[in-house]
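Engineer: Have a look at this one.
The values are calculated or read from the model by the stated rules, or taken from the named source; none is laboratory data. Bear in mind that the values here come from a model prediction, so they are computed numbers and not experimental data. Positions of Cβ are backbone-derived with ideal geometry, glycine not excepted, and every protein chain shown enters the neighbour counts. Each accessible area value is taken on the protein alone, full model and side chains, heavy atoms only, with ligands, DNA and RNA left out. Shrake-Rupley method; radii C 1.70, N 1.55, O 1.52, S 1.80 Å.
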Amino acid sequence: ASGAADDGAPEELGDFLGHLAGERADLDIYVLPWDYSLLFLRERELLPMAQRKRQHGRIADWLEEQHGDAIAGFFGVLANHCMLAEEFPRALDHLEGGALTAIRHSSYREAISNIEKAQRVASERQLDPDPLRRARWHTLLGDSHHELSEYKQAEQHYFTVLALLERLAPDERAAFLL
């Protein structure tokens, strides 16, 4: 054991960068985490599928950890990484979060796109979102269409919300309305 940290990077890479830094003091050398370097390999399709999926999951974990307080700007990227990692329930959370963020910024088409994508993923992956979640989605769709003056579409979504809420127990309905 050399006493060096085991970050998964080949030892030769450290030797090379050390030599390069010694020879060319004028260079700005940025050492990225080894996992990040694997992204470049993934982009070139050199990693096996299982490793690519795992890598996307790790990227999503890292983004959530690094930007927990300001995650709103990363919902789209997170949803994409979660889908590529085949973590579909987690992707639905991020798509819904992206829709909420889009509405806060008056980006109603983006909100609609996020929710429709969540509905598509849920359907294709045979996920069965509970009625409360589906009611939230239709509320977001209804609100977005309403703000775009697409009243007929908004009305359809609001009626769907009412139908979904009728299926819920009274305490669940009350939680939705709060």
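Engineer: Looking only at the stretch 86-99, decide whether some residue is out of contact with any Phe, Trp or Tyr (no Cβ under 9 Å at 6 or more places or on another chain), closer than 24 Å to A60 by Cα, outside any helix (DSSP H, G or I) and at pLDDT 95 or above.
Structural biologist: Yes, there is a match, as at least one residue in the stretch 86-99 is out of contact with any Phe, Trp or Tyr (no Cβ under 9 Å at 6 or more places or on another chain), closer than 24 Å to A60 by Cα, outside any helix (DSSP H, G or I) and at pLDDT 95 or above.
Engineer: Let me ask something additional. For K117, are the conditions met, namely being open to solvent by 40 Å² or more (accessible area, probe 1.4 Å) and within 24 Å of A72 (Cα to Cα)?
Structural biologist: On the way: open to solvent by 40 Å² or more (accessible area, probe 1.4 Å): yes; within 24 Å of A72 (Cα to Cα): yes.
Criteria met by K117.
Engineer: Looking at the stretch 119-153, which of its residues are among the small types (G, A, S) and over 26 Å from the mean Cα position of the chain (by Cα)?
Structural biologist: So the first thing to find is which residues in the stretch 119-153 are among the small types (G, A, S), and the list is 122-123, 135, 142, 144, 149.
Correct list: S149 only.
Engineer: Quick one: is N80 open to solvent by 40 Å² or more (accessible area, probe 1.4 Å), of a type outside the set (A, V, I, L, M, F, W, C) and either out of contact with any Lys or Arg (no Cβ under 7 Å at 6 or more places or on another chain) or closer than 30 Å to R52 by Cα (or both)?
Structural biologist: The answer is yes for N80.
Engineer: What pairs can you find where one residue is in the stretch 115-143 and closer than 13 Å to T160 by Cβ and aromatic (F, W, Y), the other is open to solvent by less than 50 Å² (accessible area, probe 1.4 Å) and in a helix (DSSP H, G or I), and their Cβ atoms are less than 6 Å apart, with a gap of 6+ or different chains?
Structural biologist: Here the result reads W137/I115, each pair linking the stretch 115-143 to a residue that is open to solvent by less than 50 Å² (accessible area, probe 1.4 Å) and in a helix (DSSP H, G or I).
Engineer: So in the stretch 157-170, with the set limited to residues that are of a type outside the set (K, R) and exposed (fewer than 14 other Cβ atoms within 10 Å of the Cβ), which one is farthest from R134 (Cα to Cα)?
Structural biologist: In the first step, residues of the stretch 157-170 are kept if they are of a type outside the set (K, R); the result is 157-166, 168-170.
With exposed (fewer than 14 other Cβ atoms within 10 Å of the Cβ) added as a condition, the list becomes 159, 162-163, 166, 169-170.
On the way: F159: 12, L162: 11, A163: 11, E166: 13, A169: 15, P170: 17 Å.
Among those that are of a type outside the set (K, R) and exposed (fewer than 14 other Cβ atoms within 10 Å of the Cβ), it is P170.
Engineer: Next up: Looking at K152, is it in contact with a Leu (Cβ under 7 Å, 6 or more places away or on another chain), of a type outside the set (A, V, I, L, M) and either open to solvent by 60 Å² or more (accessible area, probe 1.4 Å) or assigned to a helix (DSSP H, G or I) (or both)? Quick ask: steps written out before the conclusion?
Structural biologist: Working: in contact with a Leu (Cβ under 7 Å, 6 or more places away or on another chain): no; of a type outside the set (A, V, I, L, M): yes; either open to solvent by 60 Å² or more (accessible area, probe 1.4 Å) or assigned to a helix (DSSP H, G or I) (or both): yes.
When the stated conditions are applied, K152 does not pass them.
Engineer: Okay, moving on. I'd like to check something: does the stretch 96-108 contain any residue that is surrounded by fewer than 18 Cβ atoms within 10 Å (Cβ to Cβ) and aromatic (F, W, Y)?
Structural biologist: No, the stretch 96-108 contains no residue that is surrounded by fewer than 18 Cβ atoms within 10 Å (Cβ to Cβ) and aromatic (F, W, Y).
Engineer: Moving to a separate point now. Working only within the stretch 123-149, note down all residues that are open to solvent by 100 Å² or more (accessible area, probe 1.4 Å) and within 19 Å of E110 (Cα to Cα). Lay out the reasoning, then the answer.
Structural biologist: Filtering the stretch 123-149 for residues open to solvent by 100 Å² or more (accessible area, probe 1.4 Å) gives 124-126, 128, 147.
Answer for the stretch 123-149, where residues must be open to solvent by 100 Å² or more (accessible area, probe 1.4 Å) and within 19 Å of E110 (Cα to Cα): just E147.
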